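The structure appears below as structure tokens.
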Amino acid sequence: MCAMARPRKPLLSYDRIVETARELVDAEGLSAVSTRRLAAELGVSGPSLYNHFRTKDEILEAVADSVSAQVDLSMFEGGRDWRTALHDWAVSYRAALRDHPNIVPVLARGPGRRPAALRLADAVYGGMVAAGWPAAQATSIGALMRYFIMGSALGSFAGGFVDDASAYDPADYPHLGQAHLLAEQQEKIDERAFETGLTALLDGLARQYEQVGRDV
């Protein structure tokens with residue numbers, strides 16, 4: 001009788017390591033990621049990870065780039081006007097960060113050498129220059145949008161208020177009588193705040209763009 005073959009373990013790959021690390025970060029935060037923990041989750045020995053990554057930081061950089069890769073950049077290729085493109089890109093970018101908020105501190109360091117993050121920066125800058133923005137202002141727009149989107153993803157405004165009405169004594173906080181209700185409408189309030197801020201930014205840029213057109 002032939003011996004039954006042992007079931008083969010899934011091959012360890014770069015993508016599988018990144019996916020598992022991303023799931024850990026999403027569930028437990030950056031501190032949950034270590035080579036020992038990852039190896040246990042993957043069912044492999046720790047040293048086998050070093051065939052793909054030398055350090056924990058490299059793993060976190062790869063996780064960050066996998067989130068950047070989720071951002072839609074197609075709006076900069078279809079001939080859409082710059083304002084619509086920026087708006088749609090910002091919404092897509094924020095959605096990716098909202099789904100993976102624990103990796104935002106790594107993304108906030110800047111693109112470094114991460115390929116997807118560099119493609120993102122290239123698409124935004126190229127889209128603005130193609131629309132007629134001077135190079136220096138196109139750079140500033142990319143920076144401005146990144147500050148705004150990253151900031152919106154670092155925490156929830158509404159979620160920062162406790163749902164205990166007694167915390168807002170009208171003698172001390174006469175205008176916060178409804179603040180205890182904010183947390184239960186967190187998503188709605190935060191989405192509305194993001195759209196309000198994004199519209200204000202784009203309105204301001206549109207006024208600057210009119211001046212660019214007059215200066216040409």
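Listed here are the residues, each with its yes/no results for (1) over 11 Å from V63 (Cβ atoms); (2) modelled with pLDDT of 95 or more.
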| residue | (1), (2) |
| --- | --- |
| A3 | yes, no |
| P7 | yes, no |
| L11 | yes, no |
| R22 | no, yes |
| D26 | no, yes |
| G29 | yes, yes |
| E41 | yes, no |
If I ask for residues that are surrounded by 11 or more Cβ atoms within 10 Å (Cβ to Cβ) and part of a loop (DSSP other than H, G, I, E, B), which ones from the stretch 170-216 would you list? Y173, L176, G177, L182
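Going through the stretch 77-90 one residue at a time, which ones are closer than 15 Å to D122 by Cα and at pLDDT below 95? Break it down stepwise before answering.
If we filter the stretch 77-90 for residues that are closer than 15 Å to D122 by Cα, which is where we start, we get 77, 82, 85-86, 89-90.
E77 - this is the single residue of the stretch 77-90 that is closer than 15 Å to D122 by Cα and at pLDDT below 95.
Residues checked against (1) at pLDDT below 95; (2) among the aromatic types (F, W, Y):
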{"site": "V104", "(1), (2)": "no, no"}
{"site": "A108", "(1), (2)": "yes, no"}
{"site": "A116", "(1), (2)": "no, no"}
{"site": "G126", "(1), (2)": "no, no"}
{"site": "A136", "(1), (2)": "no, no"}
{"site": "L144", "(1), (2)": "no, no"}
{"site": "I149", "(1), (2)": "no, no"}
{"site": "F157", "(1), (2)": "yes, yes"}
{"site": "G160", "(1), (2)": "yes, no"}
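The values are calculated or read from the model by the stated rules, or taken from the named source; none is laboratory data. As the structure is a prediction and not an experimental result, all values here were calculated from the model. Cβ atoms come from the backbone with ideal geometry, glycine included; neighbour counts cover every protein chain shown.
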